Amino acid sequence: MSKKWTKISGISIASLGMLALAGCGQGANGTSVNASNDTAAGSGNKPVQVTFWYGIGGNLSNDVQEMVQEFNKTHPNIHVTATYQGSYSGGGPEQQKLLAALKAGDPPTMAQIEVHSMPVFAATGKLVDLTDFMQNSSVDKPDNFLKGMLVSTQFNGKYYGVPLNRSVPVLYYNKTLFQKAGITAPPTTWAELQSDAKKLTQGSGDAKVYGFEPLVDWWPWEYSVWSGGGDILSSDLSKATFDSPSANHILSMEQALVKQGYATVESGPQYWDLMTQDFIHGRVAMDIDSIGSAGKVKAGVKNFDWGTAVLPKDATLAVPPGGGDIAIMQGASQDQIKAAETFIEWWTAPQQSAKWAEMTGYLPVQKAAVSDPSYQDYLKKNPQFKTALDELQYQHAAPASPNYLGVLQNVQQALQGIFDEGQPVDQTMKNAVNQANSALQ
């Protein structure tokens, strides 16, 4: 998951659904899709020109550009032009622009696709099937990746993406406040989290420190449903099922903490970053945030010790995937496809995978990257980043429905009603299920 998700746009979700109905490899007018940079490939001694759209901004955009510049310097026969297109999350601007480019027959060579969007795009037939590439690659063989890394890269048994920037949500906690409250370890269950939040809450007014801050977003909500023992969709993906008591259990506990004054929430378009800043500035003692925020937290925290921990379990523990995969668009020339595959192999190779992880806080994607001596030394100096690796064994794939983002649009609206307006959990989620079922038709 990226450090900050945009709220889901109803227009983008509807448009993505329309693209899924457009048919394999066809533009909006029924003609075959052709990349605009096709003529740049293989002409004389000129490098093959490939374009790469990505959707992680801020300091992460600078990190992407640094990686791409290094690739171009070490691969003189290929030139990658990387462009930030706005957030990729939740059907965000980057995904919408990619949709429009595919419809117009003018897509980039490669694009970053948020893990929940992969079924939407793969179902269109407009992504290159990477199954043979991965199975024959010395770098990107499926067995080379860490457990859980490939949960979002397949659709109908074929690979359409390769893990690029991958994350999981983790529990961030203020060690200094924990020590002052006499709490010796972070909570491992939701019962413990409730108890700790009450002990950690102190002060009043602008000086109040809250014990916990839920993130009003559907990514950690997925974790709450699965860990409570519920399911988001039926096994055949035809119905929403997230309004059961078990699915609502953790959500109800979070709302109770807010209503009782032991937790707070942020709202508005910058809700994710505001929550991260609340932790950095010591306004909350615990929150659930992406491991991709760890770099920002490390740079921002000045006056206390902090750590990360595996998410608290309830009936079980199930961790949703986050971040993005990289895909190649249909319509690129064979030279461009080969160049794009070279770029993907370079980025995901253990040396670069470990470097990216150290730069950003995102997970390295390959087993060999984790065992790299340099990365192991990094983890010893920065143990907060190891938690995400520990969580991979609990990773749970999101429903592989091309209509899933439409479901989550309704969930996001329901979460805002529950936390921003205090609406009752059970009835609100029941209403969201009824609305979500319309998106599944």
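The table for this structure:
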quantity	calculated
Any hit, the stretch 370-385, residues being at pLDDT below 95, under 28 Å from G161 (Cβ atoms) and of a type in the set (D, E, K, R)	yes
All positions within the stretch 129-138 that are touching a residue at least 60 places away in the same chain (Cβ under 8 Å) and crowded, with 20+ Cβ neighbours inside 10 Å	L130
Only listed residue being modelled with pLDDT of 95 or more, closer than 30 Å to V50 by Cβ, assigned to a helix (DSSP H, G or I) and not aliphatic (A, V, I, L, M), chosen from E358, E345	E345
Members of the stretch 157-175 found to be closer than 24 Å to E345 by Cβ and polar (S, T, N, Q), listed by number	N165, S167
Residue check, L215 surrounded by fewer than 22 Cβ atoms within 10 Å (Cβ to Cβ) and closer than 29 Å to L60 by Cα	no
Residue satisfying condition, being over 30 Å from G282 (Cβ atoms), within 14 Å of the chain's Cα centre (by Cα) and in the same structural domain as T342 (by TED's automatic domain parsing), within set T74, T153	T153
Any hit, the stretch 195-208, residues being in a helix (DSSP H, G or I), in the same structural domain as D287 (by TED's automatic domain parsing) and over 24 Å from L274 (Cα atoms)	yes
Every residue from the stretch 233-253 that is in a loop (DSSP other than H, G, I, E, B) and surrounded by fewer than 24 Cβ atoms within 10 Å (Cβ to Cβ)	S234, S235, D236, L237, S238, K239, T241, D243, S244
Residue list for the stretch 118-151, restricted to those being among the polar types (S, T, N, Q) and at pLDDT below 90	T124
Positions within the stretch 112-141 being within 16 Å of W347 (Cβ to Cβ) and assigned to a helix (DSSP H, G or I), in sequence order	F133, M134
Test: residue in the stretch 321-337 that is part of a strand (DSSP E or B) and surrounded by fewer than 24 Cβ atoms within 10 Å (Cβ to Cβ)	yes
Members of the stretch 99-128 found to be on the phi < 0 side of the Ramachandran plot, surrounded by fewer than 24 Cβ atoms within 10 Å (Cβ to Cβ) and out of contact with any Phe, Trp or Tyr (no Cβ under 9 Å at 6 or more places or on another chain), listed by number	A100, K103, A104, D106, T124
Pick from the stretch 255-307, criterion of a type in the set (S, T, Y) and modelled with pLDDT under 95, ranking: farthest from Q413 (Cα to Cα)	S293
Selected residue (criterion: nearest to S167 (Cα to Cα)) from residues of the stretch 270-320 that are among the polar types (S, T, N, Q) and crowded, with 18+ Cβ neighbours inside 10 Å	S290
Qualifying residue in the stretch 234-254 (condition: modelled with pLDDT of 95 or more, under 21 Å from V209 (Cβ atoms) and assigned by TED's automatic domain parsing to the domain that holds Q416)	yes
Matching option when the condition is more than 26 Å from Q427 (Cβ to Cβ) and surrounded by 14 or more Cβ atoms within 10 Å (Cβ to Cβ), among K198, K208	K198
Only one of T188, T184 that is surrounded by fewer than 20 Cβ atoms within 10 Å (Cβ to Cβ), more than 27 Å from Q409 (Cβ to Cβ), of a type in the set (V, I, T) and under 26 Å from the mean Cα position of the chain (by Cα)	T188
Subset of the stretch 162-184 (residues that are in contact (Cβ under 8 Å) with a residue 12 or more places away in the chain and in a loop (DSSP other than H, G, I, E, B))	V168, A181, G182, I183
Filter result (at pLDDT 95 or above, of a type in the set (A, V, I, L, M), outside any helix (DSSP H, G or I) and buried (at least 22 other Cβ atoms within 10 Å of the Cβ)) within the stretch 45-81	V48, V50, V80
Some residue of the stretch 154-161 being in a loop (DSSP other than H, G, I, E, B), under 20 Å from S371 (Cα atoms) and free of Cβ contacts under 8 Å to residues at least 60 places away in the same chain	no
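Here is a yes/no grid of residues against (1) of a type in the set (D, E, K, R); (2) farther than 22 Å from G322 by Cβ:
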{"position": "Y159", "(1), (2)": "no, no"}
{"position": "P163", "(1), (2)": "no, no"}
{"position": "L171", "(1), (2)": "no, no"}
{"position": "K180", "(1), (2)": "yes, yes"}
{"position": "T189", "(1), (2)": "no, yes"}
{"position": "K199", "(1), (2)": "yes, yes"}
{"position": "D236", "(1), (2)": "yes, yes"}
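The values are calculated or read from the model by the stated rules, or taken from the named source; none is laboratory data. For clarity, every value in this text was computed on a predicted model and none was experimentally measured. Quick reminder, even Gly has a Cβ in these numbers, built from the backbone with ideal geometry, and neighbours come from all protein chains shown.
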